[in-house]
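To start, the structure under review is shown below, and the notes come after it.
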Amino acid sequence: MYMKAIKIIILFITLNLSAQQGGMWIPSLLKGMNETEMQNLGSKLTSDDIYSINHSSLKDAVVHFNGGCTAEIISDQGLLLTNHHCGFGQIQSHSTVENDYLQDGFWAMDIKDELPNKNLEVTFIVRIEDVTKAVLNGVTDAMTPKQTQATIQKNTNTLQKNYTVAAGQKTKVKSFFKGNQYFLFVTETYTDIRLVGAPPSSIGKFGSDTDNWMFPRHTGDFSIFRIYADKNNRPADYSEDNVPFTPKHFLPVSLDGVAEGDFTLVFGFPGRTNEYLPAVAVAQITQKVNPTNIKIREEALKVIDAAMKTSVQTKIQYASKQAHIANYWKKWIGENQGIEKSNAIAKKRKFEAIFQQKVNKKRKYKKYRNLLADFDALYASYEPYAVKRSNFIEIFYRTSDLMQQMFRLYQLEQSASKGAEVFAKTKQYVVAQIARVQKDFNPAVDQKVLEAIMPLYDANYGGTEFYKTTKFTNLTDALSQLEGTPEEVVARINKDAAYQFAKPYIAEFYGEMSSKYRQINGEIAKVQKQYLKALMEVLPDNRYYPDANSTLRVTYGQVRGYSPKDAVYYNHVSYLDGVMEKYIPGDYEFDVPQKLQDLYKTKDFGQYTDANGKVPVCFLGTNHTTGGNSGSPVIDAHGNLIGLNFDRVWEGTMSDMNYDPNICRNIMVDARYILFIIDKYAGCTRLIDEMKLVHPKKK
Ligand code: ARG
Ligand code: ASP
């Protein structure tokens, strides 16, 4: 009897996991299936609590943070919470060798100390509307990809022009389900965003690359900003007269924490996923694209990591770049392992065989019979271009700072033949890009990086002597090269040795490599659109959710541990004790600030513990997330903040192509750890006083 009950419970849990989780859903379409699924998982929220255009709802507390991360409002004065790694660039830009906020943290003890940031904005979603009919008006299956694109563009332009919005609002149309559906977003962007607080990297980036994409995790990956507005609470660029923003909604913060099985909702802006790729594409990505890019980054990182240990200056210069390069380097490795271990390609092939069988059986599906064969042919011709192009971008755009500048110069040269106006505009852009790169440019390290990675692209590349003579190793000389008429600039840069080196590679990239890539990509997109439509028609009982596309989404699940390998189980929560277990005095990744050690020793934990008296640090959930979800609020069954999303587990990073609820987990910082650090570690109690702390479980 007892065993039977357990079996039923286990069955229920498994069903729960596989049947009802996964997916990044459109917030305006939650009524019905999603609402029911969420309530089955324990939610007390209605779809209207999450998204409404008639009254304030959870969505009014969630913003896109500078287009790449997510952040949420946690007070009635526009206090904004996001990840440390999302505010990293801003924290770095305020840092100097004397005042190193990355190293030591930063806390505005008074509102007057909050630091303005150039080029930082947050965007609210005001409303979402299905505009599929208007966008696809006049599009037919017979059209070429180019014609389709042109029609869609024209329709979109008309739509955006005729759609009336309030002053300061904008509209944006985005494609969903591979172009089968379109939504219009009305947005509102605030541009005076100030830095309020950040823990030292030894808390905010604790464990660094070793722990990145991993559990057990002990990172306090958070930073705090504030939105400022003009006197009428409207968006305004930085001004001393601006005041803290009054939000339509903010999230109360729960002090009650989480138990395994608790409902979790992650609300944010996931960037890009590809859940409906055919097996042949997954094979190409994991067997051809990923391995070559991993190798390039690995070689670059060896040089960068060593250089960063030689001086504080270099460490600051490379902090942000290194983190970016290391992040996806490790992610791709995990993704490959996950795809392999879960047999994802073979499983996808099996699934495709079933699909094909069903298609072959019915006349009405005749138009779908060749889709999979088309994929095979297209991906085969795509491969050489896709791989080389991707490697090019790694080297000439993402990794070498000198080559990135050359890339911009090439764009400038191309614009010279397009008239003075185009040239002037391009130049303005190129100058800004070069200035940005030069801010943290270290030519000596960069040269070693290029020497390490260039042979992977061209074994006969001929060396890097040009670092000695190029004018693009300091900003003053670089900008002096760009003065004068278009002809003068073009003639001058063509004499630069670095440009002479880079130009043929860049020209090759812009030549056949890109045109072929784009052409085949267009064909693939057309088949992919048909394929997804076919899947929904032929296998209508499956759950279909749109791939991530940097728009606002809801993903839900439960707090849950997992088993990464045989005989190992990871608990759903980690504690401050684990920080101390990992502590290595003076270490680059695992040092622990003295103050935190003292708090631990004296058990000065305040109200921020679990029932067992320990301070929770991170916890795991089954929410389907991806890059861009960093900084997303984790919301409980009642709409309170319980955590801050920041990562996924290694075994599950394949979720971008193959979400599997059994091993894919998102990693979150417990809200109480954030409060503990702000209150007890930093003593910035004015922020705690500003928030609304609640006890939803103690009603
Ligand atoms: N892996 C997380 C995400 O993709 C966190 C990255 C930041 N941390 C780091 N060590 N690079 O953004
Ligand atoms: N760390 C990622 C981010 O920055 C989140 C993820 O990929 O899970 O958005």
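Each reported figure results from applying straightforward, stated rules to the coordinates on display, with no laboratory input. Please read these numbers as outputs of a predicted model, since none were measured by experiment. FYI the Cβ positions are ideal-geometry reconstructions off the backbone, even for glycines, and counts take in every protein chain you see.
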Counting other Cβ atoms within 10 Å, which trypsin sites (Lys or Arg not before Pro) in segment 547-577 have at most 16 and lie in a DSSP loop? Lys565
Return the distance in nm (one decimal) between the two label points of a simple spin-label model at Arg543 and Ala424, each offset 7 Å from Cα along Cα→Cβ. 5.6 nm
Roughly what would the spin-label model give for Tyr588 and Lys170, points 7 Å off Cα along C-beta, in nm? 3.9 nm
Theoretical ellipticity at 222 nm over the chain - DSSP helices of four or more residues, -39500 (n - 2.57) apiece, nearest 500: -13000 deg cm²/dmol
From a point 7 Å beyond the Cα of Thr144 in the direction of its Cβ, which residues of segment 349-386 have a backbone N at a distance under 19 Å? 378, 382
For the pair Met536 and Lys112, what calculated FRET efficiency results from E = 1/(1 + (r/R0)^6), where r is the Cβ-Cβ distance and R0 = 51 Å, to the nearest 0.05? 0.35
For the chain, any Cys whose C-beta has no other cysteine C-beta under 4.7 angstrom counts as unpaired, and these are Cys618, Cys664, Cys684
Calculated FRET efficiency, Asp76 and Asn119, Cβ-Cβ r, R0 25 Å, to nearest 0.05? 0.40
Loop-located trypsin sites (Lys or Arg not before Pro) in segment 603-690 whose Cβ has at most 13 other Cβ within 10 Å (DSSP): Lys603
Would you please put 468-474, 23-29 in order of how densely packed they are, using the mean number of other Cβ atoms within 10 angstrom per residue and starting with the highest? 23-29, 468-474
Full-extension gain between Asp241 and Ala377, please, as 0.36 nm times their residue separation minus the C-alpha to C-alpha distance. 42.9 nm
What pairs in Lys154/Lys362; Lys59/Lys161; Lys146/Lys388 have C-alpha atoms more than 28 Å from each other? Lys154/Lys362
Extension gain from Met33 to Gln103, taking 0.36 nm per residue of separation minus the Cα-Cα distance: 20.5 nm
Any of Lys331/Lys529; Lys348/Lys533; Lys347/Lys533; Lys174/Lys205; Lys112/Lys601 with alpha carbons more than 25 Å apart? Name them for me. Lys331/Lys529; Lys174/Lys205; Lys112/Lys601
Where a label projected 7 Å from the Cα of Ser311 along Cα→Cβ would reach, residues of segment 388-427 with amide N under 19 Å: 401-402
FRET efficiency for Gln287 and Ala353, Cβ-Cβ distance as r, R0 = 22 Å, nearest 0.05? 0.60
Gap in Å between the Cα centre of segment 458-536 and the Cα centre of segment 184-223? 32 Å
Could you give the dipole magnitude of segment 432-570 about its Cα centre, charging the beta-carbon of Lys and Arg +1 and that of Asp and Glu -1, in debye to the nearest 20? 520 debye
Among residues other than Lys170 whose Cβ falls under 15 Å from its Cβ, what is the net charge (Lys/Arg +1, Asp/Glu -1)? +2
Take peptides 152-160, 170-178, 140-148 and line them up by average Cβ neighbours within 10 Å, highest first, as a rough protection proxy. 170-178, 152-160, 140-148
When you count, for each residue, the other Cβ atoms within 10 Å and take the mean per peptide, how do 233-246, 515-528 rank with the highest first? 515-528, 233-246
Nearest-20 debye value, the chain charge dipole, Cβ charges on Lys, Arg, Asp, Glu: 2780 debye
